[in-house]
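Heads up: the structure comes next, in structure tokens.
The values are calculated or read from the model by the stated rules, or taken from the named source; none is laboratory data. Everything numeric here is computed off the predicted structure, so don't read it as measured data. No Cβ is skipped: glycine too gets one built from the backbone with ideal geometry, and neighbour counts run over all protein chains shown. To get the accessible areas, we keep the full protein, side chains included, count just its heavy atoms, and leave off ligands, DNA and RNA. Shrake-Rupley method; radii C 1.70, N 1.55, O 1.52, S 1.80 Å.
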Amino acid sequence: MSLRYEYKYLVPNHKMDMLRKMIGSFVKHDKYCKDLEEHHYTVRSIYFDTAEYACYFEKVEGIKHRKKFRLRSYNLQDSSASNVFFEIKRKFESPILKNRAPVSFSQALTYFSGNELENYHPDIEKYPQAKDDLKRFFFHFHAGKMRPVILIIYEREAFLGLHDENIRVTFDKNLRSVAFPELDELYNEEKVRHSFNNQFVLEVKFNDHFPSWMKPIIGTLGLVRQSVSKYVISIDTHNFIKPKKLPSVFSRTRMSNYKNR
């Protein structure tokens with residue numbers, strides 16, 4: 001569990017090479033993509049939401065304290081032995097906090113089928129809170145009667161600060177999604193829809209202070225920090241939530257009750 005800040009920008013694709021060159025003196029590719037041919041890996045996440053789309057509307061309405069729930073993989077191809085992560089991404093006004101629990105993809109599917117969470121035995125040295133985080137995920141999953149809403153996929157080119165590896169810069173490219181996936185379709189891209197034709201998402205992540213070297217780069221390229229939710233953007237691409245407002249005061253109260261824990 002870690003508390004982080006992240007600033008997001010939408011960047012035209014034609015500025016990608018220039019941006020990469022400008023940050024080159026301050027960062028290096030991270031270990032997961034440095035040896036890959038195109039220096040990026042694929043991120044796949046199935047997002048879960050309530051029948052009333054609580055997570056979606058909390059973001060759209062600008063609720064300061066909100067959560068997203070997802071099953072995430074960083075692998076390029078389907079493998080039952082591949083690690084995936086149960087994640088809760090929580091935002092407290094500006095800082096971001098993540099709860100995450102690693103597990104094999106095949107084992108992850110058994111938890112949705114009723115496998116006892118007590119059978120989960122993570123590497124507690126690497127993930128000391130993982131068992132509690134898994135229980136927390138399924139508390140919300142069952143309390144909110146959640147179901148898989150959308151599979152979001154993109155390629156990520158990731159960099160770490162040369163002098164401070166807590167600074168992380170990512171280019172998230174080729175954003176695409178599949179509506180209402182089955183739980184075992186994390187690696188299935190049939191019926192995929194693309195959200196951006198000529199843009200990618202730049203994210204700058206840090207613990208305490210926005211990197212000073214990044215400020216003139218942002219200014220030179222004319223970039224503007226903005227709210228960029230891949231979850232909302234992807235759902236809007238499929239346009240299956242209508243109307244895009246909270247259905248009633250009753251529903252809003254109902255959606256908030258189980259998320260206060």
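Details
- Summing charges over all other residues whose Cβ lies under 10 Å from the Cβ of Ser227, with Lys and Arg as +1 and Asp and Glu as -1, gives +3.
- 3J(HN,Hα) along the range 91-108, derived from phi through the Karplus expression 6.51 cos²θ - 1.76 cosθ + 1.60 where θ = phi - 60°, amounts to 10, 10, 6, 9, x, 10, 10, 10, 9, 9, 9, x, 6, 5, 4, 5, 5, 4 Hz, with x in place of Gly and Pro.
- The share of accessible area on the range 58-117 that comes from carbon and sulfur is 47 percent, using a 1.4 angstrom probe.
- Whole-number percent relative contact order across the chain, with pairs defined as alpha carbons under 8 Å at least 6 apart: 28
- CD proxy at 222 nm, helix term only [per DSSP H run n ≥ 4: -39500 (n - 2.57); per residue of the chain; nearest 500]: -6500 deg cm²/dmol
- Along the axis of the charge dipole computed for the chain (Cβ charges of +1 for Lys and Arg, -1 for Asp and Glu, origin at the Cα centre), the listed residues Leu160, Ser94, Phe69 are led at the positive end by Ser94.
- Sorting His140, His163, His39 by accessible area puts them as His163, His39, His140; the probe is 1.4 Å, largest comes first, and only protein heavy atoms count.
- Charge dipole (debye, nearest 20) of the chain; +1 at Cβ of Lys and Arg, -1 at Cβ of Asp and Glu: 1140
- Heavy-atom surface of the chain, accessible at 1.4 Å and reported per residue (Å²): 51
- Residues whose amide H lies under 5 Å from that of Phe200, counting only those 5 or more places away or on a different chain, are Val11, Asn13; hydrogens are built 1.01 Å from N in the peptide plane.
- Contour minus Cα-Cα distance for Asn13 and Asp132 (0.36 nm per residue): 38.8 nm
- Percent carbon-and-sulfur accessible area, the range 156-240, ignoring ligands, DNA and RNA, probe 1.4 Å: 44
- Local net charge near Arg4, Cβ-Cβ under 9 Å (Lys/Arg +1, Asp/Glu -1): +2
- Set Lys15/Lys173; Lys8/Lys98; Lys67/Lys135; Lys89/Lys131; Lys68/Lys135; Lys28/Lys67 screened for pairs whose C-alpha atoms are more than 19 Å apart: Lys28/Lys67
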